[in-house]
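Peer 1: To start, I am sharing the structure in question, which I have written as structure tokens.
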Amino acid sequence: MPGPSPRLWRLLAAAAFALMVLVGWRSWYSLLAVLVVIAVTADAFHTIGALMGSPAPLPTKLSASLISVVAWAAALAALWQLRRQRLQAGRILLLVAGTLFGFASAVSDARTLASS
């Protein structure tokens, strides 16, 4: 069975890029906020899809998604710190969020992506 058409995803990516360019001309914080919101949203959809597709019991599913939830919290806290002009705290939180996103999504999917 063929997978879904990538046209919709390409259209969404182009729209997100256009939005980032328009917002980025105003301030760096707005551009960063859009990028972080896109990353959190993408990871949320990834996590929800993985939870719905897993036959594991609910407690197991929830514990497996804990890294993603912590990454979402770190990303949103980073935006809050950057908005308050606390650049060092915001950058550290962004680094933590990015690392957690990497562990939650990319590392867990590496085996699947390598075999496809």
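Peer 1: Considering ALA44, ALA77, which residue is under 15 Å from the mean Cα position of the chain (by Cα) and free of Cβ contacts under 8 Å to residues at least 24 places away in the same chain?
Peer 2: ALA77
Peer 1: Can you tell me which residue is surrounded by the fewest Cβ atoms within 10 Å (Cβ to Cβ) among those in the stretch 70-87 that are modelled with pLDDT under 90 and part of a helix (DSSP H, G or I)?
Peer 2: Among those that are modelled with pLDDT under 90 and part of a helix (DSSP H, G or I), it is LEU87.
The values are calculated or read from the model by the stated rules, or taken from the named source; none is laboratory data. It should be emphasised that the depicted structure is a prediction, and the values quoted were computed from it without experimental measurement. Every residue, glycine as well, gets a Cβ built from its backbone with ideal geometry; the counts of neighbours run over all protein chains shown.
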